Amino acid sequence: MKKIAPEILVIGGGAAGLSAAAEAASAGAKVLVVESDLRLGGQLIKQTHKFFGSKDEYAGTRGYKIADILLNEIDSFKDSVSILQNTTVTGYYTEDDTFTAMRGEEEVFQIKPQKTIVATGAQERLIPFPNNDLPGVYGAGAVQTLMNVYGVLPGKRVLMVGAGNIGLIVSYQLMQAGVEVAAIVEAGPRIGGYWVHAAKIRRMGVPILLRHSIKKALGEDVITGAVITGLNEKFEQVGPEEEIECDLICIAVGLSPTTELLSQAGCKMMYVPQLCGNVAQRDRTMRTSNPAFYTAGDASGIEEASAAMVEGRIAGLSAAAALGYPTEHGKIDEYWSRLESLRMGEAGARICQGIECVLVKGWEGASHE
Amino acid sequence: MSDKNMDMLFNSGVLTGEREGAILPPRELWEKKKGGVVIIECPQRIPCNPCHTSCPTGAILPFEDINNTPKVNWEKCTGCTLCVSACPGLACFVIDLTFSEENALYKLPYEMLPLPVKGQKVQCLDREGKSVGEGTVENVTQPRKDRTHVVHVSAPKSLVTIFRSIRVVK
């Protein structure tokens with residue numbers, strides 16, 4: 001079986017992975033980026049809204065344009081960055097420190113890198129309700145992919161479940177595509193996403209029903225509607241119930257970090273509710289308990305893409321430094337101060353609590369820089 | 001409306017009165033300003049500052065902490081609408097009270113299709129999307145050439161505190 005041996009392997013070509021690859025390459029390292037999708041850019045390529053943050057995080061620029069900026073940066077290092085698209089890293093074997101990977105559906109090979117950055121992103125959560133297997137029930141990611149990558153309308157009238165940033169933004173995108181948003185139901189007592197995202201769809205007449213959830217989907221072969229219900233403070237379905245006519249139910253109830261490869265590599269994992277799931281313990285360089293493994297982006301905890309890009313920079317820089325490439329002194333501190341300022345808002349307080357749980361000062365037996 | 005219901009309304013994304021980050025300009029100054037002044041409705045602390053960085057006159061003050069809510073020096077604002085198109089949250093609006101005796105000119109961000117055209121009648125919507133009147137499109141601009149348009153609508157001055165969006169009647 002073919003075996004390739006890059007200096008640094010970046011798993012995932014999204015916001016964090018591309019930033020990590022660019023940063024490591026700028027320090028002189030040879031990098032391989034492996035992306036399971038046909039296209040690079042991860043979630044960025046579906047984001048038609050403008051980003052928040054400051055100029056450093058491309059504030060005011062639409063997500064898909066940010067993907068172009070990162071790809072251009074990668075392109076400027078094309079002698080040192082190679083890219084495999086449509087390639088899935090399927091497992092890690094500690095016996096010989098080797099990954100297995102599959103390109104398309106035929107080609108299987110091995111990768112044995114010196115350092116690995118796991119930037120595998122996240123997967124969507126779904127909630128159980130009767131008939132949730134009927135055609136017409138989608139995760140918000142699928143709706144965005146259909147609309148914004150392939151130009152396919154997923155339906156005519158939608159019930160959105162969840163008013164976090166994804167639920168709010170995808171509702172807005174659906175309206176831009178000409179889909180009517182019947183309502184957004186949110187189990188909590190307030191919207192979870194940014195208030196301004198909610199305000200811009202409220203003023204277009206979309207109701208956001210707080211303390212409400214979906215009770216069941218209606219339909220025989222496809223979705224024809226949904227029953228929603230009020231919730232009490234214990235999230236019990238206490239009514240009143242209402243029938244909503246729709247041919248599309250979009251679920252946007254949160255994400256969980258994708259961390260199987262980190263677990264397989266023996267990285268010390270921790271369940272951290274504020275970071276939305278199991279994540280690897282890491283030090284300030286984004287190194288995990290396994291000295292060859294780094295983590296960044298949603299795989300290290302669910303957060304905004306702006307933070308994922310900074311974390312990617314830190315991981316890329318650290319992995320290159322660990323291989324002996326000279327890096328600018330103090331750059332990691334600079335990146336951390338950017339992360340800290342991004343995390344000082346209302347949503348950031350929760351993230352900071354989570355980071356505090358998983359961040360370690362140093363690793364036992366590790367030599368200090 | 002009870003306080004609890006007001007809270008629920010705000011928590012669902014509807015402004016329910018002035019608060020930090022969503023303060024109206026002083027009326028006397030506002031009435032005199034040709035071109036209008038910016039109204040920002042951004043009452044939550046989030047890490048974001050393009051309103052300030054896009055402002056050519058320094059009217060939107062620098063952010064000491066990027067998470068602070070925006071503050072405006074309305075004296076310096078010319079109503080240029082660069083912030084209206086730069087704001088990722090579409091939370092900036094310009095309202096010009098000098099437009100005519102009865103009408104103000106509302107300059108609102110717009111990212112939907114079809115775009116309205118000059119002379120077209122549009123529905124004026126409040127913060128919950130309820131139609132509160134009719135306006136006339138006076139101009140459609142694209143200040144930053146980034147697909148966020150700014151629609152200039154003339155509509156009664158009585159709507160200054162409630163009219164924040166339009167519905168283009170197809």
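The values are calculated or read from the model by the stated rules, or taken from the named source; none is laboratory data. This structure is a prediction, so every number in the text was calculated from the model and none was measured. Cβ coordinates were reconstructed from backbone atoms using ideal geometry, including for glycine residues, and neighbour counts include every protein chain displayed. Keep in mind that these areas ignore ligands, DNA and RNA; they rest on the heavy atoms of the full protein, side chains included. Shrake-Rupley method; radii C 1.70, N 1.55, O 1.52, S 1.80 Å.
What to note about this one:
- Subset of segment B:23-50 [over 22 Å from residue B:152 (Cβ atoms) and either more than 15 Å from the chain's Cα centre (by Cα) or within 13 Å of chain A (Cβ to nearest Cβ) (or both)]: B:26, B:28, B:43, B:44, B:45, B:46, B:47, B:48, B:49
- Selection of segment B:144-170 for residues being within 12 Å of another protein chain (Cβ to nearest Cβ), open to solvent by 40 Å² or more (accessible area, probe 1.4 Å) and in a loop (DSSP other than H, G, I, E, B) yields B:144, B:147, B:162, B:170.
- Filter result for residue A:224 (free of Cβ contacts under 8 Å to residues at least 40 places away in the same chain and of a type in the set (S, T, N, Q)): yes
- Filtered residue count, segment B:116-140, keeping only those that are away from every other protein chain (no Cβ under 14 Å), among the β-branched types (Val, Ile, Thr) and in a strand (DSSP E or B): 3
- Residues of segment A:276-299 satisfying the condition of being of a type in the set (D, E, K, R) and out of contact with any Cys (no Cβ under 9 Å at 6 or more places or on another chain): A:283, A:284, A:287
- Of all residues in segment A:291-324, those that are touching a helix residue (DSSP H, G or I) at 6+ places or on another chain (Cβ under 8 Å) and more than 14 Å from chain B (Cβ to nearest Cβ) total 21.
- Summed over segment B:7-22, the residues that are away from chain A (no Cβ under 13 Å) and out of contact with any Phe, Trp or Tyr (no Cβ under 9 Å at 6 or more places or on another chain) give a count of 1.
- The set of residues in segment A:7-20 being under 17 Å from the mean Cα position of the chain (by Cα) and either over 15 Å from residue A:297 (Cβ atoms) or aliphatic (A, V, I, L, M) (or both) consists of A:10, A:11, A:15, A:16, A:18, A:20.
- Of the strands (runs of 3 or more DSSP E) lying entirely inside segment A:74-162, the ones with 3 or more residues being open to solvent by less than 50 Å² (accessible area, probe 1.4 Å) are found at A:87-93, A:98-103, A:107-111, A:115-118, A:157-161.
- Some residue of segment B:93-111 being within 14 Å of another protein chain (Cβ to nearest Cβ) and of a type in the set (D, E, K, R): yes
- Top-ranked residue of segment B:90-109 - restricted to ones that are surrounded by fewer than 23 Cβ atoms within 10 Å (Cβ to Cβ) and of a type in the set (Ser, Thr, Tyr), ranked as farthest from residue B:123 (Cα to Cα): B:98
- Filtered residue count, segment A:264-305, keeping only those that are open to solvent by 40 Å² or more (accessible area, probe 1.4 Å), in contact with a Pro (Cβ under 9 Å, 6 or more places away or on another chain) and not acidic (Asp, Glu): 1
- Entry remark, segment B:77-115: residues being free of Cβ contacts under 8 Å to residues at least 12 places away in the same chain and either in a helix (DSSP H, G or I) or within 22 Å of residue A:179 (Cβ to Cβ) (or both) number 1 in total.
- Taking the criterion of being buried (at least 19 other Cβ atoms within 10 Å of the Cβ), assigned to a helix (DSSP H, G or I) and within 12 Å of another protein chain (Cβ to nearest Cβ), the residues of segment A:35-65 that qualify are A:57, A:63.
- In this structure, residue B:71 does not qualify as more than 10 Å from chain A (Cβ to nearest Cβ), charged (D, E, K, R) and crowded, with 18+ Cβ neighbours inside 10 Å.
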